[in-house]
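To start, the structure under review is shown below, and the notes come after it.
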């Protein structure tokens, strides 16, 4: 499996080549599922162009599965593709496919077109219980035979069994979880909403656009909704970044420009107060290109030199919030300001809504078991990986006054 956090650059050779290299010789074709997109044929064609640029010369098909028509495509009405997931002949035609790719957009469109609920089937079942339509069953069959299933953005969100459908971090931490999907705009600013994903990844919850959209808070809140503690493992994938998953070995490797943020809530405590969410004891790890995580053993394989007792910095960092504070990215914050800083044992960052005063405190703590790793990335760019930093989230109230 190849799970991409969105905004995949056309020149990200590591990600494209990993997808191409994983296509089995006995199943040489690629199929693209464009269902999530508002411009299905167009964005599928861009992925085809990128595959060709990176050396794939095999057969590529765009599966006619979508909900939204793009008026710019005169020769095809993608709105007629809304029942493509039910097509038995289309499903049967996938037997030579070794690479399946899900484009980005709205992840709920993917589940709508590839699954059906008990209500859809006219059965006496929960409306929230879904089953596979023929094309999805065929995709699972190819995955079981060694095909690679990949996707970006919305195509990443559907990979886990529990899927984040909407919500921003501040709303997720200060408002109740939503029961209904309010539309794609709620992915940028709205309450947390979860639904059923496709479950290709047998462990945890996937979140995407993790760095740019500051989704740490919403992933922690999502983990707090999962009943079984053993399932509270979150994978936050940055933009232009991927995790290459080996299902047989039970591990994953990081590729690309950003990070994989592992949010381990299996031993954490979550409050039951939906009006004032809190959590403590989250174990936070941040991995960069070349690092691996073995989820069955819990073992990390991290490149770079250990910063413990070899810290490069010694200063008291600012505690607070705002764009004047340095190291806005999580890897930079925990690398430069915490684990590679001998005078820092805790970092506090605040986020709040100026209208309501509702906010949260993120408290990052270095433990005896915390580890930081530094190396040069491209050229002289510092690259940090971090293992097992403690994260607590507490509700706060903020009052602003002008001087």
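The values are calculated or read from the model by the stated rules, or taken from the named source; none is laboratory data. Note that the structure is predicted; figures quoted are calculated from it, not measured. Positions of Cβ are generated from backbone atoms using ideal geometry, with glycine treated the same way; all protein chains shown enter the neighbour counts.
Here are the numbers for this structure:
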read-out	value
Segment 253-273 - residue that is closer than 23 Å to residue 11 by Cβ and in contact (Cβ under 8 Å) with a residue 60 or more places away in the chain and, of those, surrounded by the fewest Cβ atoms within 10 Å (Cβ to Cβ)	257
Flag if residue 235 is over 19 Å from residue 106 (Cβ atoms) and modelled with pLDDT of 95 or more	yes
Selected residue [surrounded by fewer than 18 Cβ atoms within 10 Å (Cβ to Cβ), under 30 Å from residue 92 (Cα atoms) and either within 21 Å of the chain's Cα centre (by Cα) or at pLDDT 95 or above (or both)] from 146, 118	146
Flag if residue 44 is assigned to a helix (DSSP H, G or I), in the same structural domain as residue 102 (by TED's automatic domain parsing) and under 20 Å from residue 113 (Cα atoms)	yes
Tally of residues being assigned to a strand (DSSP E or B) and closer than 22 Å to residue 140 by Cβ across segment 238-279	7
Selection status of residue 359, modelled with pLDDT of 95 or more, in a strand (DSSP E or B) and over 21 Å from residue 215 (Cβ atoms)	no
Checking residue 381 against (1) at pLDDT 95 or above; (2) surrounded by fewer than 21 Cβ atoms within 10 Å (Cβ to Cβ); (3) under 25 Å from the mean Cα position of the chain (by Cα), the condition it does not meet	(1)
Residue in segment 47-59 that is surrounded by the most Cβ atoms within 10 Å (Cβ to Cβ), counting only those that are outside any loop (DSSP other than H, G, I, E, B) and in contact (Cβ under 8 Å) with a residue 40 or more places away in the chain	47
Any chance residue 401 is surrounded by fewer than 19 Cβ atoms within 10 Å (Cβ to Cβ) and out of contact with any strand residue (DSSP E or B) (no Cβ under 7 Å at 6 or more places or on another chain)	yes
Positions within segment 60-84 being in contact with a strand residue (DSSP E or B) (Cβ under 7 Å, 6 or more places away or on another chain) and free of Cβ contacts under 8 Å to residues at least 40 places away in the same chain, in sequence order	60, 61, 62
Yes/no for residue 19 being under 18 Å from the mean Cα position of the chain (by Cα) and in the same structural domain as residue 213 (by TED's automatic domain parsing)	yes
Checklist (1) surrounded by fewer than 16 Cβ atoms within 10 Å (Cβ to Cβ); (2) in contact with a helix residue (DSSP H, G or I) (Cβ under 9 Å, 6 or more places away or on another chain); (3) within 22 Å of residue 398 (Cβ to Cβ) applied to residue 323, failing item	(2)
Conditions (1) more than 21 Å from residue 242 (Cα to Cα); (2) at pLDDT 95 or above; (3) surrounded by 14 or more Cβ atoms within 10 Å (Cβ to Cβ); number of the one not met by residue 76	(2)
Failed condition for residue 284, given (1) surrounded by fewer than 21 Cβ atoms within 10 Å (Cβ to Cβ); (2) closer than 13 Å to residue 388 by Cα; (3) within 20 Å of the chain's Cα centre (by Cα)	(1)
